[in-house]
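Inspection log for the structure reproduced underneath, given as structure tokens.
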Amino acid sequence: MKIDGIRMRGGSAFHKDLRKRVDAWFEAEGVDPYGDGRMWRKSAALIAGFVLMIGGFWLSDGGWAAIVGFGIPLGLFWAGLGFSVMHDGNHSAYARDKRVNRAMGFVLDIIGGSSYLWRHKHNRIHHSHPNIVGVDDDLEAGFFLRMAPGQDWLPMHRMQQWYMWPLYGFIAIKWHLLDDYTQMAQGQINDIPFARPKGRDLAEFVVGKIIFHSWCFIVPALIFGVGTAVAFWLLSAFVCGVMLAVVFQLAHCVEEADFIVPPTDGERIDIDWAELQLATTVDFAPENPLATWYLGGLNFQVVHHLFPRVCHVHYPEMAKIVAATAADHGLKYRCNPTVAGALASHFNWMRRMGLRPGSAPEATPLLSAGEPEPALR
Ligand SMILES: [Zn+2]
């Protein structure tokens, strides 16, 4: 994909050295880059929890206690399947066998997304161009939020660090009702065209939507009526949306991350792919075992961006290699030590982006055409 004003190159000394060290580590450990028993156990636990919450609700009296008691944990299992199962599957990192990856990727279709569209928007657009303003779909929230320099500012953004939290809850709801259908109708994601699915891809899209709408809306509506079914979906999808959005925001939309505004004046900036990933992505809570288990290694998102086809169970060890290699090459490996620290950093970044552009807080160094950060020269 070509982006006006940006020339992406590969093969930096850092990237070559890092690949060599990571390959040597896999060799020394005698493991391959795919998942192992830990992935199967985790997937089984998350799928069981997800199915139990849905089944438990269907067998309940459908009252408010059941909606809340089953709906909140369902939202957490729902997001967990996104973090730890479908993400690795759609990156072909879950297993060596392509059929296993495809099946685990299809979990996304069952839980309300489209694995076909995800592979385009996440693997192709987001992973190749993290934090490049106007290209990275994860920076787009319509006019509601201003996440990066170069985006339009509105007076309401002064309060965005407060209202963004509940707004995040609507991301999954919008995804279930609108995003896949509008993107499919338009044939493009964030103005970048994609080939519409055909044959087996199209069949998976349609079957996935039928399965999702059946368990999410049709069956509960038949048991309890439309109002109860919608209330249960809204609550669980809201919890899921908050989890998904916050985790992705903590990796890219924080004070430690760089953002790139493509120049519009005919200038070009030169970016090394691996150094771009390092500059625009931030790890968090590396010593927190619960976060590492539940988030599918997305708290080690620097490693994920550098090695997206390696299963996340290997990330904690690989992060140490990335940090050491970056230091040896004079590059900055960015990490917030705790979840609380990462949340505070996201809050502070959004507060800064919500101030009128040109006012003091936005004057901190940002990667842009005029001011390339030394690490990316
Ligand atoms: Zn990914």
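You can think of it this way: the chain between Arg41 and Asp152 has 35.4 nm of extra reach, that is 0.36 nm per residue less the Cα-Cα gap.
Per q in 0.08, 0.10, 0.11 Å⁻¹, report the Debye log10 I(q)/I(0) for the range 6-376, using one uniform scatterer on each alpha carbon and no solvent. Results for the range 6-376 at q = 0.08, 0.10, 0.11 Å⁻¹ read -0.41, -0.65, -0.79.
Spherically averaged projected area of the convex hull of Cα atoms, the range 274-358: 6.4 nm².
For the cross-link pairs Lys16/Lys98; Lys42/Lys332; Lys174/Lys332; Lys20/Lys332; Lys16/Lys42, the ones whose C-alpha atoms lie over 30 Å apart are Lys42/Lys332; Lys174/Lys332; Lys16/Lys42.
Solvent-accessible surface of the range 65-118, averaged per residue with a 1.4 angstrom probe and all protein chains in place: 29 square angstrom. Once Rg and the Kirkwood radius are both taken over the C-alpha atoms of the range 16-162, their ratio Rg/Rh works out to 1.07. Highest GNM mean-square fluctuation among Ala231, Ala285, Ala172, for the chain modelled with Cα contacts below 10 Å: Ala231. Normalised by the number of residues in the range 172-288, the average gap of Cα pairs under 8 Å and 6 or more apart makes the relative contact order 21 percent. When Lys198, Lys209 are compared by accessible area at a 1.4 angstrom probe, the order from most to least is Lys198, Lys209. Structural descriptor for the chain: relative contact order 25 percent, calculated from alpha carbon pairs under 8 angstrom and at least 6 residues apart. In whole angstrom, the range 17-72 maps to an equivalent ellipsoid with semi-axes of 44, 11, 5, each derived as √(5λ) from the alpha carbon gyration tensor and ordered largest first. Taking the accessible area of the range 1-122, probe 1.4 Å, and keeping the other protein chains in place, the carbon and sulfur fraction comes to 61%. The three principal axes of the C-alpha atoms in the range 321-361 carry coordinate ranges of 39, 25, 10 Å, sorted with the longest axis first.
Here Tyr163 and Leu234 are evaluated by their C-beta separation; at R0 = 25 Å the FRET efficiency comes out at 0.90. How much FRET efficiency would the formula 1/(1 + (r/R0)^6) give for Ile72 and Phe144, where r is the Cβ-Cβ distance and R0 is 22 Å, rounded to 0.05? E(calc), rounded to 0.05, equals 0.35.
The values are calculated or read from the model by the stated rules, or taken from the named source; none is laboratory data. Not measured: the values here are computed from a predicted model. Every residue, glycine among them, receives a Cβ derived from its backbone with ideal geometry; neighbour counts consider all protein chains shown. The area values use the complete protein model at the heavy-atom level, side chains included, leaving out ligands, DNA and RNA. Shrake-Rupley method; radii C 1.70, N 1.55, O 1.52, S 1.80 Å.
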